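Working notes, beginning with the structure itself.
Throughout, read-outs are computed from the coordinates displayed, never taken from laboratory work. Just so it is clear, the model here is predicted, and its values are computed rather than measured. In this analysis, Cβ positions are derived from the backbone assuming ideal geometry, glycine residues included, and neighbour counts consider all displayed protein chains.
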Amino acid sequence: MKSKQIIQQVNTVIAKAQYAGLYGVVLESGIGNRICDIEGNEYLDFLSGASTACLGYGRSDVISAYSKTAKRLCHSCFVYSPNVEAVNLAKKLIQITPGDYLKKVMFGLSASDSIDGAIKAARAYTRRKKIVSFRYSYHGSTGLSGQATGFLSLKKDVYNSNEIIYLDFPKTEIDAKKVLKYAETVFRVGHTDIACVIFEPILGDGGNIVPPKIFWSHLLALAQKHQIVSIVDETQTGMGRSGKWWAIEHFKIAPDIIVMGKGLGGGYVAISACVGRAEILDSLSKVQHVFTLSGHPPSCAVASKIISIIGQQHIVSKTERKGKFFKQKLIQVIHRYRNDIHCEVRGMGLHIGISIKSLKNKSLAALFATRCVQKGLYVGYFGPDNEALRLHPPLTITYAELNRAIIVLSEVFKEWKNTSFPPSTYAIYRRYSVGLGNIPSTII
C-alpha cells in the first residue's frame, strides 16, 4: 500500500518528463547486491540503478571517502579555486583510458553534460557543426546530448535539428557493410560540415546490441580520413562493466574523446567526465564548459576510491569471467524454450540483455521483467519496444547470486510456456510499466 501511495504522489508532484517507472516499486534501502522496497520486500539487484551501482550498496569504504573529504572541504568551486581531489582523479582517468596521446579532462555532474562538452569541443576544434549519431542510441537529455540521442520519441516538441545525421546500428556483418558504405558517402559528401561521430560501443538503451567486431575500427578510420572527431559514450558500458575498463577496448581502438558517468560515481555521487585529446578539449575557450559543482572535492574522492577498488580487487577481469559464465547459463535456459519463444542473449561482461518476443513477435521483456521482480529478481527492460530484458548487476555480484538469477529466469520461462503467469503479473504490467520504449497494447 505504501508504494501505491508514493507512486500517486510521484504522479502529483514530479513532472512526467522525469518518470518512466518500471514496476510501481518504491525503493528504500540497499546493502551489498540487494535492495529493499518501502514495503520491506528484498530483491537481488540486476539493474544497479540503471547500470550505476557498480560496487553495490552501503559500502563503508566509499562512504568514508566522501565523509572524510566533506568534513575537510565540502566545496571549492573548482573553476575559481582548484582542489587536489579533482586533480588526482583527472590523473587517474588519463591513466586508465585508451590512447597514447596527450589527454586532458573536463568534469561534470551527469554524462549528459559531459556529452555536451565533448560535442562542443569537437565543434570548436573542427569549426563544423553537424553530428553523426546512431538510431536508438541514448546520449542524455541536455541540449546537445538530447539532440544526439537516437530515440525520436524523446525529441518531441523539443529538438528538430538538421545538424544531426543518423546511421543504423549494425547487428550483423551484412548490416555493418551496409552502414559503413553509407557512412563513407555521408563523410565524403558532408565532411566539411561534420564535426563528430558519437556512439555507444555497445548500444545500451536501444536493446543491448553488440556490433560486429570490425565495425568501429573501420568507422573510425573513415572519420580520421575526413578529420571528423570520434566520441565514444561509455556512460553505461564503462568502469569495467563490459569486462574491460572501457568497452571500446574490446574493439582495439582509441577514440579522440571518451565520456563516462554512472559507474564513475557508483551511485554514491553525481559525477561525470570527458577525457580526450588535449588539443581538442583545449579548443574551447575560457569558461565555455563550467559548472559550479564540477570537480566537487568529495565527489572526486569517491570516484577515485571506486577506481582504486576496481583496480585493487581485480574487478574488471572478474567481471569478464562472470559475464562468460552467466551468458553461457542464459543461453542454456533460452535453448530449452526455443520452440516456445524467440530470444537472443546479447552483451559483454555484465552488460547483458535478452531480447524476448512471443511467437507472434510481440515484445515480452517488460512482462517477463515484472514476473522476475515478483520473484525477487530486480531486473530492467529497454529497447525501442521495451523488447530486451536488462541484466546489469553490480560488478560485485557473486557466482551464487548469478546462479540464483538463473533459477528465477528459468522459472519465469517455464511459467510462460505453461501459461501460468498469475493475474497479478499482468495487472502490475498494465498499470505500472512505462519504460523508455513503446509498451505494446497486446502482448499475446
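A simple rule links phi to the HN-Hα coupling: the Karplus curve 6.51 cos²θ - 1.76 cosθ + 1.60 with θ = phi - 60°, which for the stretch 249-266 gives 5, 4, 9, 6, 9, 10, x, 6, 9, 10, 10, 9, x, 6, x, 4, x, x Hz, with x for Gly and Pro. The fewest-to-most ranking of ILE115, ILE306, ILE96 by surrounding Cβ atoms within 10 Å reads ILE96, ILE306, ILE115.
Residues whose amide H lies under 5 Å from that of GLU28, counting only those 5 or more places away or on a different chain, are CYS36, ASP37, ILE38; hydrogens are built 1.01 Å from N in the peptide plane.
In this structure the amide hydrogen of VAL229, modeled in the peptide plane, comes within under 5 Å of the amide hydrogens of CYS196, VAL197, none closer than 5 places in sequence on its chain. When each full DSSP H helix of the chain is screened for a Cα extent of at least 15 Å along its own axis and an average Kyte-Doolittle hydropathy of at least 0.0, the helices passing are 84-96, 215-225, 297-312, 399-417. Applying a DSSP loop filter and a limit of 14 other Cβ atoms within 10 Å to the trypsin sites (Lys or Arg not before Pro) in the stretch 149-254 leaves LYS156, LYS213, LYS252. Applying a DSSP loop filter and a limit of 16 other Cβ atoms within 10 Å to the chymotrypsin sites (Phe, Trp or Tyr not before Pro) in the stretch 286-356 leaves TYR337.
Using only side-chain charges placed at the Cβ, +1 for Lys and Arg and -1 for Asp and Glu, the dipole size of the stretch 286-444 relative to its Cα centre rounds to 180 debye.
Ranking LEU220, LEU281, ILE331 by Cα position along the charge dipole of the stretch 213-352, where only Lys, Arg, Asp and Glu carry charges on their C-beta atoms, puts ILE331 farthest toward the positive end.
So how strong a dipole does the chain carry about its Cα centre when Lys and Arg Cβ are +1 and Asp and Glu Cβ are -1, to the nearest 20 debye? Write out the running numbers ahead of the final one.
Values: 55 positive and 33 negative charges, 93 e Å.
Dipole about the Cα centre, nearest 20: 440 debye.
Normalised by 2.2 N^0.38 Å, where N is the number of residues, the C-alpha radius of gyration of the stretch 187-321 stands at 1.14. The stretch 293-369 and the stretch 220-246 have Cα centres lying 19 Å from one another.
Dipole size in debye (nearest 20) for the stretch 1-138 around its Cα centre, Lys and Arg Cβ +1, Asp and Glu Cβ -1?
Numbers: 19 positive and 10 negative charges, 190 e Å.
My answer is approximately 920 debye.
Projection of the Cα convex hull of the chain, averaged over all directions and equal to a quarter of that hull's surface, yields 20.9 nm².
Both radii were evaluated on the Cα set of the stretch 77-118; the Rg over Rh quotient, with Rh as the Kirkwood radius, amounts to 0.98.
With an 8 Å Cα cut-off and a minimum separation of 6 or more residues, compute the relative contact order for the chain in percent. Please report the intermediate quantities before stating the final value.
Numbers: 899 pairs, mean separation 99.6, N = 444.
Answer for the chain is 22 percent.
One Cα centroid belongs to the stretch 370-444, the other to the stretch 23-102; the line between them spans 26 Å.
Of the chymotrypsin sites (Phe, Trp or Tyr not before Pro) found in the stretch 47-141, those that fall in a DSSP loop while having at most 15 other beta-carbon atoms within 10 Å are TYR80, TYR101.
Could you point to the residue in SER141, GLY265, SER317 farthest towards the positive end of the chain's charge dipole, with +1 and -1 charges on the Cβ of Lys/Arg and Asp/Glu respectively? It is SER317. Per residue, the average separation of C-alpha pairs within less than 8 Å and at least 6 apart gives the stretch 60-312 a relative contact order of 33 percent.
Which net charge results when you count Lys and Arg as +1 and Asp and Glu as -1 among the other residues whose beta-carbon is under 14 Å from that of PRO297?
Numbers: positive: LYS68, LYS71, ARG72, LYS305; negative: GLU85.
So the environment of PRO297 carries a net charge of +3.
Cross-link partners for LYS244 among the aspartates and glutamates, with Cα-Cα distance under 12 Å and sequence neighbours closer than 8 places in the same chain left out: GLU234, GLU320. Here the scattering of the stretch 1-126 is modelled by Debye summation over its C-alpha atoms, one equal scatterer each and no solvent; at q = 0.12, 0.17, 0.19 Å⁻¹ the log10 of I(q)/I(0) is -0.77, -1.17, -1.22. Ordering PHE107, ILE202, ASN162 by the projection of their Cα atoms onto the charge dipole of the chain, which places +1 on the Cβ of Lys and Arg and -1 on the Cβ of Asp and Glu, puts ILE202 at the extreme positive end. Secondary-structure-derived ellipticity at 222 nm for the chain, considering helices only, amounts to -12500 deg cm²/dmol, per-run term -39500 (n - 2.57) for DSSP H runs with n ≥ 4.
With only alpha-carbon atoms in the gyration tensor, what are the semi-axes of the equivalent ellipsoid for the stretch 60-312, in Å, largest first? Before the final figure, lay out each step's value.
Values: eigenvalues 189, 74, 54 Å².
The answer is 31, 19, 16 Å, longest axis first.
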